[in-house]
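Every read-out reported here was derived from the displayed coordinates using simple, explicitly stated rules and does not represent laboratory data. Computed from a prediction, not measured in an experiment: that's the story for all the values here. Reconstructed Cβ throughout: ideal geometry from the backbone, glycine too, with neighbour counts over all protein chains shown.
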Amino acid sequence: MKITETKLKGCFILEPKIHVDDRGLFFESYHKAILEQAIGESINFVQDNISVSKKGVLRGLHFQTGKHAQSKLVQVLKGEVLDVVVDLREQSSTFGQHLILNLSSENKISIFIPKGMAHGFLALTEDVIFTYKCDSHYHKDAERGIKYNDPDLNIDWEKDDLNLIISPKDLELPLWKELQL
């Protein structure tokens, strides 16, 4: 497995080694010791989540705060998404910056997202199955978010041709400048 740090400090791309033969393929999508060595800390995932989305669904930008903040390992099992991560850590040299990547069942890459970052994605294909491991359980009172089209973040979701499907809850998320971290 190849693990590479992104431009966002502490956020890593995981590229599996894929073994192909006449039966199909095999790859290791997660290896605790290898990930911990790359990120330089111990990680204990306690919850796995799966979302299923149709083309045009935009989820995010979400995060949890305080003692319920979550590190995540995200991956697409079916389809393709435009994945977005925003660094919310005020002490970070990449505070306020964002990362955009395509994740798909074809490229099989994962992203490790440390605590203190917001995350969202846009489903680019029908029947997207998206999975993520979390190192802290979901806690409703710690749930926060930033509006996907915040002008200060200026995220290029790259898909003006899609009819976006966004939950009413996500449409009501605050702007970056309104956040109270």
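Below, the figures for the structure above:
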read-out	value
Single residue of TYR148, TYR138 found to be surrounded by fewer than 20 Cβ atoms within 10 Å (Cβ to Cβ), under 13 Å from PHE63 (Cα atoms) and hydroxyl-bearing (Ser, Thr, Tyr)	TYR138
Unique residue being assigned to a loop (DSSP other than H, G, I, E, B) and more than 13 Å from TRP176 (Cα to Cα) when the list is ASP156, ASP141, ASP150, ASP83	ASP156
Count - residues of the stretch 29-88 that are of a type in the set (D, E, K, R), surrounded by fewer than 20 Cβ atoms within 10 Å (Cβ to Cβ) and under 20 Å from TYR138 (Cβ atoms)	2
Some residue of the stretch 159-168 being over 13 Å from the mean Cα position of the chain (by Cα), of a type in the set (Val, Ile, Thr) and assigned to a strand (DSSP E or B)	yes
Considering residues of the stretch 94-106 that are closer than 16 Å to LEU153 by Cα and polar (S, T, N, Q) only, the residue surrounded by the fewest Cβ atoms within 10 Å (Cβ to Cβ)	GLN97
Residue list for the stretch 107-123, restricted to those being crowded, with 17+ Cβ neighbours inside 10 Å and outside any strand (DSSP E or B)	LYS108, ILE109, PRO114, LYS115, GLY116
Test: residue in the stretch 5-21 that is exposed (fewer than 14 other Cβ atoms within 10 Å of the Cβ), out of contact with any Ser or Thr (no Cβ under 9 Å at 6 or more places or on another chain) and either of a type in the set (Gly, Ala, Ser) or in contact (Cβ under 8 Å) with a residue 60 or more places away in the chain (or both)	yes
Failed condition for THR65, given (1) touching a residue at least 60 places away in the same chain (Cβ under 8 Å); (2) of a type outside the set (D, E, K, R); (3) touching a Phe, Trp or Tyr at 6+ places or on another chain (Cβ under 6 Å)	(3)
LEU61 assigned to a loop (DSSP other than H, G, I, E, B), touching a strand residue (DSSP E or B) at 6+ places or on another chain (Cβ under 6 Å) and within 30 Å of PRO151 (Cα to Cα)	no
Selection within the stretch 66-104 - under 23 Å from GLU41 (Cβ atoms) and polar (S, T, N, Q)	GLN70, SER71, GLN75, GLN91, SER92, SER93, THR94, GLN97
The lone exception for GLU126 - which of (1) surrounded by fewer than 18 Cβ atoms within 10 Å (Cβ to Cβ); (2) in contact with a strand residue (DSSP E or B) (Cβ under 7 Å, 6 or more places away or on another chain) it fails	(2)
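Yes/no per residue for (1) in a strand (DSSP E or B); (2) within 19 Å of VAL85 (Cα to Cα):
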| position | (1), (2) |
| --- | --- |
| LYS9 | no, yes |
| ILE13 | yes, yes |
| LEU25 | yes, no |
| TYR30 | no, no |
| ILE34 | no, no |
| GLN37 | no, no |
| GLU41 | no, no |
